[in-house]
């Protein structure tokens, strides 16, 4: 059970929600509890009090935190051993998960890490989400809720493991106290404490209450990963069962008593405003309750059902003040970016030697220009949230990748202190970065504010979701290489031009105007380090920000940076008549981890041995989000120019592998997501608005185009890398380099569908 | 008031006849396992069975359902997730976010009735639902597990 919606046996304090019409009584009904409990009663329990920077005033909030309305959670009524672990008398272990589960398997992985240190019986493990408001009230005992940048496990592994180890020590101490023996004579195993000299045993459920009353140990020692029994194993996900029978409640599925439904339309031109709308026309339509202007740019219709709201919204005539961006198009954006390729001023991301001078004196220069378009996250579940506002309190139920940011957005929109607001995280029907931004939260709060006390569920239509994405940044790159007389690479200038995500979503994080995130995968060191040694290197960025709102899109700037670099390296290898693997080996001798995954992928794919007739190979490597990745793609292109991606062999070194099965699932998914963008994906602007408004115009990869994916997980230890995103970076360049091998054509401008691969 | 036969029960529904079946199921009957993804029959998240055939319920108006036609949703596929397709999905841990999986499963169940021993080419042609998490290879493998067939050469 990982959401605040319980499907456990209803207890008396749970309120069954009445359906709007008679519901077949043997069908699952969403249940939401109205249980109240005092947050302050839980704050005195040990736990791990970790200091974190909080982007909004948590101290004030903690001081004023009162009763919190929380949905029923499995742990309700059971004292916690510490913030991470609750053990019921029947030995059920409830592990608290702060990060969001959106399909990437983090919930299971984090539970494995806690359970490993806890020494509990894995079959007894369930999970629950603490709320962002509880985290604020408890001085961020659960740390960061943000779930993006493939950080869910790698950034919290240390303190969640300590949480499990601390709870284990407390359980051992409680048993030792009961037996009146030294704790040092006891050990824990499979949810039991054992007194070694006598062989006496006690179940965790029998000592959990006593353990909860103890002071936590000041220090705990974590296990060596080589001794892991639960972590590191390909255990099945904890959240599968309800996804197979319709029971899993996503944000879009939530029902609250008396709830009304809202559909919304924001000005399709970015930066435009509502000029006028004619309410009279829709007021008498079935189910319609209210037409609400939301902010200065959107109009919502509130009705009994969402379908009624949407039908009325479609009938509502709205005139827009399209504002200053009404003439923006993909062509005008491309022209601006192209100018950036030649701009004298640019932010520097990586520099060694003197690339410009070395290029000027090079025996041979090779140059190529690339581009990458806007993409939409297009999560299967459109953006949505439910809100209830009163002058005293505002609550929001929403699928979010960052519950605390959603809480901050709620409080700001509600005009209430954080302590008078709460956010309940619901299961996400996809995230991919989109649900780390919360533009829909102020909308739903504004609508709820117009109807105090009435819960309002706002669901975006697919069209709204497509037109108002937070788009993958649009960029171009000019790659210039200098070779000496022997063909050695002496200089490389990588000029990026285009959109900065930070400038759009967090300008306060720019460094004197410079966006460090623009250089992902291209920096000297860090979690996306450049994998080649080039004597004279310059990577710089001419920031050019169009009117389109940008966002973090699974893989972020690694996506295009890896295409630019890895395809150009392939061009250089070809230019000097060398095998792409041999060529890279020479440049990568000082980057053994980058090279190791490349060698593994190459070996796995049979690089250097003949492929099947008509099949051609391409390769790419990249480091991102702390992990090393590489892939070899096998493709064929028919005479008519039809591309088929047959097989991918992908290697990943994430340092430690918490769940190899889920890593493989993430790698497979990365190829679906990355190749969907590479082959078909683009969001284009005309007259200031997006042209693609649904899946018939924003084409998505389906089953027939999905290649076989063979995943090599090769954790080398000593560091923690992410797994949800890194592999996307190598998906497109490996395929594009294979397309070149098959056709002799360089695809430098994406998506690939615009390039005619027909043989001349 | 129209009556629908859903998961073996006759149920009266109150909705405008133009309301898509998807929204009748979700908002009138509380059967939220059937998902809204696109509203234009592109993604298949809303796939249900109408007299045993897989249909995309987001484009079927309530008025188009004939009296006596039998509707089955993911909630009615089996009482305890014991349908062979559900079991195969569980065995291979197919879902990631899971939002598309009701539709994937319903599409697969109807598909296997027509093609009990599918080839990969059959799967490619018939299972056209969108999954943004990219579970396609596990969906394919689970279809073969459910059918007792072996994955063949792709495409």
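The values are calculated or read from the model by the stated rules, or taken from the named source; none is laboratory data. Quick caveat, the model's predicted, so the values are computed rather than measured. Positions of Cβ are backbone-derived with ideal geometry, glycine not excepted, and every protein chain shown enters the neighbour counts.
Out of (1) over 23 Å from residue B:95 (Cα atoms); (2) surrounded by fewer than 24 Cβ atoms within 10 Å (Cβ to Cβ); (3) in contact with a helix residue (DSSP H, G or I) (Cβ under 9 Å, 6 or more places away or on another chain), what's the single condition that is false for residue A:436? Exception for residue A:436: condition (1). Condition check: within 7 Å of chain A (Cβ to nearest Cβ), more than 17 Å from the chain's Cα centre (by Cα) and under 26 Å from residue A:697 (Cα atoms). Does residue B:133 satisfy that? Yes.
For the structure I just gave you, tell me whether residue A:198 is within 38 Å of the chain's Cα centre (by Cα), surrounded by fewer than 18 Cβ atoms within 10 Å (Cβ to Cβ) and in a loop (DSSP other than H, G, I, E, B). Before the answer, list the steps.
On the way: within 38 Å of the chain's Cα centre (by Cα): no; surrounded by fewer than 18 Cβ atoms within 10 Å (Cβ to Cβ): yes; in a loop (DSSP other than H, G, I, E, B): yes.
Taking the combined requirement at face value, the residue does not satisfy it.
Residues that are more than 7 Å from chain A (Cβ to nearest Cβ) and more than 24 Å from residue A:457 (Cα to Cα) were ranked within region B:17-55; the one that is surrounded by the most Cβ atoms within 10 Å (Cβ to Cβ) is B:48.
What number of residues within region A:491-506 are on the phi < 0 side of the Ramachandran plot and not in a helix (DSSP H, G or I)? First the steps, then the outcome.
So in region A:491-506, the residues on the phi < 0 side of the Ramachandran plot come out as A:491-497, A:499-506.
Checking the rest, the ones that are also not in a helix (DSSP H, G or I) come to A:491-497, A:499-500, A:506.
Counting residues in region A:491-506 that are on the phi < 0 side of the Ramachandran plot and not in a helix (DSSP H, G or I) gives 10.
Counting only strands (runs of 3 or more DSSP E) that fall entirely inside region A:70-125 and contain at least 3 residues that are buried (at least 24 other Cβ atoms within 10 Å of the Cβ) and touching a helix residue (DSSP H, G or I) at 6+ places or on another chain (Cβ under 9 Å), the qualifying elements are A:85-87, A:93-96.
Under the condition of being within 12 Å of another protein chain (Cβ to nearest Cβ), touching a strand residue (DSSP E or B) at 6+ places or on another chain (Cβ under 6 Å) and either modelled with pLDDT under 95 or surrounded by fewer than 21 Cβ atoms within 10 Å (Cβ to Cβ) (or both), the residues counted in region A:284-315 number 1.
Within region A:658-698, the set of residues being farther than 30 Å from residue A:271 by Cβ and in contact with a strand residue (DSSP E or B) (Cβ under 7 Å, 6 or more places away or on another chain) comprises A:660, A:663, A:664, A:667, A:668, A:671, A:675.
One residue stands out among those in region A:640-669 that are under 16 Å from the mean Cα position of the chain (by Cα) and closer than 19 Å to residue A:605 by Cβ: the one that is farthest from the other protein chains (Cβ to nearest Cβ), which is A:663.
Check whether at least one residue in region B:62-76 is free of Cβ contacts under 8 Å to residues at least 60 places away in the same chain, facing chain A (nearest Cβ under 7 Å) and touching a helix residue (DSSP H, G or I) at 6+ places or on another chain (Cβ under 9 Å), and report yes or no. Yes, because at least one residue in region B:62-76 is free of Cβ contacts under 8 Å to residues at least 60 places away in the same chain, facing chain A (nearest Cβ under 7 Å) and touching a helix residue (DSSP H, G or I) at 6+ places or on another chain (Cβ under 9 Å).
Look at region A:126-141 and say how many of its residues are touching a strand residue (DSSP E or B) at 6+ places or on another chain (Cβ under 9 Å), over 18 Å from residue A:191 (Cα atoms) and outside any helix (DSSP H, G or I).
Restricting attention to region A:126-141, the residues satisfying the condition of being touching a strand residue (DSSP E or B) at 6+ places or on another chain (Cβ under 9 Å) are A:126-134, A:137, A:141.
The next check asks that each one be over 18 Å from residue A:191 (Cα atoms); those that pass are A:128-134, A:137, A:141.
Keeping just the survivors that are outside any helix (DSSP H, G or I) gives A:128-131, A:141.
Qualifying residue count for the region: 5.
Within region A:243-252, not a single residue is more than 14 Å from chain B (Cβ to nearest Cβ), within 30 Å of residue B:29 (Cα to Cα) and modelled with pLDDT of 95 or more.
Results for (1) surrounded by 24 or more Cβ atoms within 10 Å (Cβ to Cβ); (2) at pLDDT 95 or above; (3) within 30 Å of residue A:719 (Cα to Cα), shown as yes or no for each residue.
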| position | (1), (2), (3) |
| --- | --- |
| A:565 | yes, yes, yes |
| A:573 | no, yes, no |
| A:581 | no, yes, yes |
| A:593 | no, yes, yes |
| A:614 | no, yes, no |
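Report whether or not residue A:266 is more than 17 Å from residue A:457 (Cα to Cα) and modelled with pLDDT of 95 or more. No, not satisfied. Taking region B:104-126 as the range and being facing chain A (nearest Cβ under 10 Å) and surrounded by fewer than 23 Cβ atoms within 10 Å (Cβ to Cβ) as the test, the residues that pass are B:120, B:121, B:124, B:125, B:126. Do we have residue B:101 as farther than 21 Å from residue B:56 by Cβ and touching a helix residue (DSSP H, G or I) at 6+ places or on another chain (Cβ under 7 Å) here? No. Look at (1) within 11 Å of chain A (Cβ to nearest Cβ); (2) touching a residue at least 60 places away in the same chain (Cβ under 8 Å); (3) in contact with a strand residue (DSSP E or B) (Cβ under 6 Å, 6 or more places away or on another chain) and you find that residue B:58 fails only one, number (2). Within region A:681-730, restricting attention to residues that are surrounded by fewer than 22 Cβ atoms within 10 Å (Cβ to Cβ) and closer than 16 Å to residue A:630 by Cβ, the residue that is farthest from the other protein chains (Cβ to nearest Cβ) is A:716. Just to be sure before I move on: is residue A:672 facing chain B (nearest Cβ under 10 Å) and surrounded by fewer than 24 Cβ atoms within 10 Å (Cβ to Cβ) in the structure I sent? It is false that residue A:672 is facing chain B (nearest Cβ under 10 Å) and surrounded by fewer than 24 Cβ atoms within 10 Å (Cβ to Cβ).
Return yes when residue A:236 is outside any loop (DSSP other than H, G, I, E, B) and within 14 Å of chain B (Cβ to nearest Cβ) and no when it is not.
Details: outside any loop (DSSP other than H, G, I, E, B): no; within 14 Å of chain B (Cβ to nearest Cβ): yes.
So residue A:236 fails the test.
Of the residues examined, residue A:269 is one that is buried (at least 19 other Cβ atoms within 10 Å of the Cβ), away from chain B (no Cβ under 13 Å) and either touching a helix residue (DSSP H, G or I) at 6+ places or on another chain (Cβ under 8 Å) or more than 22 Å from residue B:82 (Cβ to Cβ) (or both).
Take region A:372-408 and flag every residue that is assigned to a strand (DSSP E or B) and touching a strand residue (DSSP E or B) at 6+ places or on another chain (Cβ under 7 Å). Those that are assigned to a strand (DSSP E or B) and touching a strand residue (DSSP E or B) at 6+ places or on another chain (Cβ under 7 Å): A:372, A:374, A:384, A:385, A:386, A:387, A:388, A:394, A:395, A:396, A:397, A:398. Restricting region B:1-11 to residues that are over 12 Å from residue B:65 (Cα atoms), more than 7 Å from chain A (Cβ to nearest Cβ) and touching a strand residue (DSSP E or B) at 6+ places or on another chain (Cβ under 6 Å) leaves a set whose member that is modelled with the lowest pLDDT is B:1.
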